[in-house]
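Structure record follows, encoded as structure tokens.
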Amino acid sequence: MSEATSQKTGKAMVDGGSLVVKTLRSAGVDVAFVLHGGHLDPIFQACMDQGIRLIDTRHEAAAGHAADAYARQTGKVGVAMATAGPGFTNIITAITQAHLDGSPILFIIGAAPLRDAEQWPLQGGIDQVAMAKPVTKWAAQATSTELIPHLIAQALRSAHSGRPGPVLLEVPIDVLYRRIEDFPVPAFPEVFTPAPANVAVSQVIDMLQQAERPVIVAGGGCLFSQASDQLIEFAETTGIPVFTNGK
């Protein structure tokens, strides 16, 4: 987007799309999987301006599944974007898959303008957040441009913390296009991973020492908790064979 300044303060002005991308960049996001839709144009423009690679797909579900694969392969949060209405309903299959498999993905969904609520605007008229809540860890609507960085930070915190999973932020088009004075976006929130109690660890060690033919069955949690090196060291030290599941 072209540079603009406030006539009152002389500060730089940015739109909601730029705030979305600035916050994603602060979290280390450098790629997003999308299918173009006009509701999200300010985000796509800001991605090109600020260096986030856009991988365009032929179907919204493909964008969601690609973000899921990216999360599984890298251990990072995947980002997928889809436009409002049918674009959202197309991608909800990928959201559900991520929910079942515990993949940390941020889904950013376009929406009709807030000012047109209950007026049946283009691709509007459905409660996308309500539809997404049963298959996400967190889902919300951005009701003001100023809230965008805070909501994305909260979404990323929820996607990573505890058992990973998908999160969804709906951003109406008028919230995205509105221009406000620029301000620093929050730093990426610290993620606290769960850990077992000491007594539980002791019980597991006792059980392992008594086992005659132990095996290790490793799931996707080893990837997302970045425990691969520890798993290899433990297996090589103990000589216990390792099996992995489909993830």
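Key figures for this structure:
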item: Lone unmet requirement of (1) modelled with pLDDT of 90 or more; (2) under 19 Å from the mean Cα position of the chain (by Cα); (3) not aromatic (F, W, Y) for D174; result: (2)
item: In segment 58-68, the residues that are under 13 Å from the mean Cα position of the chain (by Cα) and either closer than 14 Å to H39 by Cβ or open to solvent by 10 Å² or more (accessible area, probe 1.4 Å) (or both); result: H65, A66
item: Residue in segment 216-233 that is nearest to the chain's Cα centre (by Cα), counting only those that are within 28 Å of L100 (Cα to Cα) and open to solvent by 80 Å² or more (accessible area, probe 1.4 Å); result: Q226
item: Matching residues in segment 177-214 - criterion: being at pLDDT 85 or above, open to solvent by 80 Å² or more (accessible area, probe 1.4 Å) and among the aliphatic types (A, V, I, L, M); result: V199, V204, I205, M207
item: Of all residues in segment 197-247 being of a type in the set (G, A, S), in a loop (DSSP other than H, G, I, E, B) and in contact (Cβ under 8 Å) with a residue 12 or more places away in the chain, the one that is nearest to V77 (Cα to Cα); result: S225
item: Close pairs (7 angstrom Cβ cut-off, 6 or more residues apart or separate chains): without any contact (Cβ under 8 Å) to a residue 12 or more places away in the chain in segment 57-75, of a type outside the set (D, E, K, R) anywhere; result: none
item: Helices (runs of 4 or more DSSP H) (entirely within segment 72-168) containing at least 3 residues that are surrounded by 18 or more Cβ atoms within 10 Å (Cβ to Cβ); result: 86-101, 148-160
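The values are calculated or read from the model by the stated rules, or taken from the named source; none is laboratory data. On a predicted model such as this, the values are computed, not experimentally measured, just so you know. Counting neighbours? That spans all protein chains shown, and the Cβs are built from the backbone with ideal geometry, glycine included. Note: accessible area is taken over every heavy atom of the protein model, side chains too, but ligands, DNA and RNA are not part of it. Shrake-Rupley method; radii C 1.70, N 1.55, O 1.52, S 1.80 Å.
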